[in-house]
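Visitor: Just dropping this structure here.
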Amino acid sequence: MSSSPTRRERIHLDGRTLEGGGQLVRIALALSTITGQPITIDHIRGNRTGKKGLKASHLAAIKYLADVSGSAVSGAEVGSSSLTYHPPPDAETCVRQRQEINIQLPTAGSISLVFQALYPYILHTGNCISDEEPEPQPVRVSITGGTNVSFSPSYDYISQVLVPNFARVGLPPIAVHLEKRGWATGPFSLGKVTFVIHPMDRSEESRYGLPPVDLDRYPRSKVTQIDVTVLAPDTLLFGGSDQHSERKKGKSPRSDDTFQHITIRQLIEYESMRMLRSRLRKIPSSVVRRANADSPAVRSHENDEIVPISLHTSERTHHRSHMYILIVAHTSNGFKLGRDALFGAHREDSQRKTGGRKGRPTDDRSVATELVEKCVDDFVNELYDPGLQSTSERRQPCVDEYMRDQLVIFEALGKSISKCETDGKGKEDERYYSLHTQTARWVCEQMLDVEW
C-alpha cells in the first residue's frame, strides 16, 4: 500500500467511485473534520440518475461541520458537483462541542443521513471538557426534515436497529426521540427527531480515541424473535371511493360483498404476519431458533409459529401514500437485523425505466399487498440467501446489509495503533457487502490509510 498522505496534503476523491452517491460525501466530510485533512470531491453523486450534485441535506451537514471546526469551504450550494473542504491546521485539537444543535432542512430531506454525517465528529469531540463544564455533557441534536424518506434509514430503523447495534459494538448510548413524522410523499409536512448523544471514555488504543469495533468477534447468530412495525392509513378497503359516497348518503355496505370490511392498516398487519409465518417455515433451523413445540405459546397458536412474531408498532397515518413496514429480527447474541419497505421507494427505478406509472397497481389492496411482499421477501433473503451460502471459513456479517455500511467509519476510526496479523479465520464473507459498504471502506482507505 502506498504511504499515507501528509496531514495537510489535499486528498482528491472522485464522487463517481463505486456506489457514487451521497454516502461518499458524508463520510469524507466527517473524516476531514476529525483528521484535519483537506479534501476535494469532484463529480458529486455522479452515479445518480436524475439530479446530481449536492442536496440540501448535504449542505446542512457541511454548514454545521464547517462552522464548528472553522473549516473553509467552496462549492457548498445545491446542485454543486465539486466541493473543497479545508479544515484549519489545529482541527485535530480538542474543541468544545455545542451542547444544543438545531438543524432545519427546508424540505423533507432525510434526517437520518444528516445525523450520519455529524455523529462521528460529535462522538470524537463529545468528551472534551472546559472550565465551565468540568465533566463531559450529553450533546442534544434536533433535526427537522423527513423521517420516512426513500433510500435512507427511517426513524423506526434508527430507533429499533441502528441505535441498539451501535451500543452492542461498544459505542456510547444514544437516546432518540420522535417529535413528529415527516414524509417525502403526499401532503408536505416536516418531521423532527431529537438525538441525545452521551459522551464516551476516550480510548488510548486508537489514534482518534474511539473504541475498537471488531465485527469479526461476532458470528451471525440465530433469530429468537421478530417485531413488525406498520404505518398506514385507516382507510377502508371495501368499496373504495364508492363506499365513501355511500356512507355520506347514510347507506351501509351490503353484507354479501366479496371483500372483507377492513382498513389498509389492518390488511398490512394481517398479511405481514401471514407471509412471515409461511416463509419462515422454509428457512433452515440453523438460522431461526424454533419455538418449543410443547410450549403453551406455540400450542395455543393456530398457525404454529416457528419463532415468536409480535406487532411492535401499529400507527395510523393520514394519507394513502404514507405506508411503511419494518421487520426486525432479534438474534441470540444481541444484534438486530432489519428490513423495511416504503410506499413508492422500490418502484422508482422501474418507473424511470418504463417512463411512467403504466402497469403499476393503483388500488389500495394491491399496493399494500405488494409492499408487504417486498418487505417480507427482502427480510427473509437477509436471513438466508441460498445463493451466498458457502463452505468457506468466512461468514455472513452479524448485522444486516444496511447496518453494515453504517459501522465502517467506526471500525476505521477505532483501529488499534499497534497492528496485529490475522489469519483470516472467522472473517466476514465480502460477497455480502453492498456497494455502500464497499464505498465506505474505500473512502476510509483513502483518508486514513487503514487496512481491513
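The values are calculated or read from the model by the stated rules, or taken from the named source; none is laboratory data. The model shown is predicted, which means the values in this text are computed figures rather than measured ones. Every residue, glycine as well, gets a Cβ built from its backbone with ideal geometry; the counts of neighbours run over all protein chains shown. Heads up: the accessible areas ignore ligands, DNA and RNA and are worked out on the full protein's heavy atoms, side chains in. Shrake-Rupley method; radii C 1.70, N 1.55, O 1.52, S 1.80 Å.
Visitor: Please count how many residues of the range 99-112 are in contact with a Phe, Trp or Tyr (Cβ under 9 Å, 6 or more places away or on another chain) and at pLDDT below 95.
Guide: Of the residues in the range 99-112, 3 are in contact with a Phe, Trp or Tyr (Cβ under 9 Å, 6 or more places away or on another chain) and at pLDDT below 95.
Visitor: Can you name every one of the strands (runs of 3 or more DSSP E) wholly within the range 26-125 that holds 2 or more residues which are of a type in the set (A, V, I, L, M, F, W, C) and farther than 21 Å from I409 by Cα?
Guide: It comes to 72-74, 100-104.
Visitor: In this structure, does E393 turn out to be part of a loop (DSSP other than H, G, I, E, B), open to solvent by 60 Å² or more (accessible area, probe 1.4 Å) and more than 17 Å from D227 (Cβ to Cβ)?
Guide: yes
Visitor: Would a scan of the range 349-364 turn up a residue that is under 19 Å from the mean Cα position of the chain (by Cα), modelled with pLDDT of 70 or more, surrounded by 14 or more Cβ atoms within 10 Å (Cβ to Cβ) and assigned to a helix (DSSP H, G or I)?
Guide: The answer is no; no qualifying residue exists.
Visitor: Which ones in the range 183-242 are within 18 Å of R168 (Cβ to Cβ), among the aliphatic types (A, V, I, L, M) and part of a loop (DSSP other than H, G, I, E, B)?
Guide: Listed by number, the residues that qualify are M200, L210, V213.
Visitor: Pick from P138, P153, P187: which is open to solvent by 10 Å² or more (accessible area, probe 1.4 Å) and at pLDDT 95 or above?
Guide: Among P138, P153, P187, only P153 is open to solvent by 10 Å² or more (accessible area, probe 1.4 Å) and at pLDDT 95 or above.
Visitor: Let me ask something else. When you scan the range 161-174, how many residues do you find that are outside any helix (DSSP H, G or I) and touching a strand residue (DSSP E or B) at 6+ places or on another chain (Cβ under 8 Å)?
Guide: The qualifying residues number 2.
Visitor: If you don't mind, another one. Which pairs do you get when a residue that is without any contact (Cβ under 8 Å) to a residue 60 or more places away in the chain and closer than 15 Å to N165 by Cβ, found in the range 203-219, comes within reach of a residue that is small (G, A, S) and surrounded by fewer than 19 Cβ atoms within 10 Å (Cβ to Cβ), reach meaning Cβ atoms under 9 angstrom, with the pair 6+ apart or on two chains?
Guide: Close Cβ pairs (under 9 Å, with a partner that is small (G, A, S) and surrounded by fewer than 19 Cβ atoms within 10 Å (Cβ to Cβ)) amount to R217/G426.
Visitor: On to the next question. If you take the residues in the range 412-427 that are open to solvent by 10 Å² or more (accessible area, probe 1.4 Å) and either under 15 Å from E19 (Cα atoms) or in contact with a helix residue (DSSP H, G or I) (Cβ under 7 Å, 6 or more places away or on another chain) (or both), which one is modelled with the lowest pLDDT?
Guide: G426
Visitor: If I go through the range 135-160 residue by residue, how many of them are part of a loop (DSSP other than H, G, I, E, B) and farther than 22 Å from L371 by Cα?
Guide: Qualifying residue count for the region: 4.
Visitor: Which numbered condition trips up S81, out of (1) in contact (Cβ under 8 Å) with a residue 60 or more places away in the chain; (2) open to solvent by less than 30 Å² (accessible area, probe 1.4 Å)?
Guide: Against the list (1) in contact (Cβ under 8 Å) with a residue 60 or more places away in the chain; (2) open to solvent by less than 30 Å² (accessible area, probe 1.4 Å), S81 comes up short only on (2).
Visitor: When residues of the range 39-59 are filtered for being crowded, with 21+ Cβ neighbours inside 10 Å, touching a residue at least 60 places away in the same chain (Cβ under 8 Å) and either within 23 Å of I103 (Cα to Cα) or among the polar types (S, T, N, Q) (or both), how many remain?
Guide: Here the count works out to 1.
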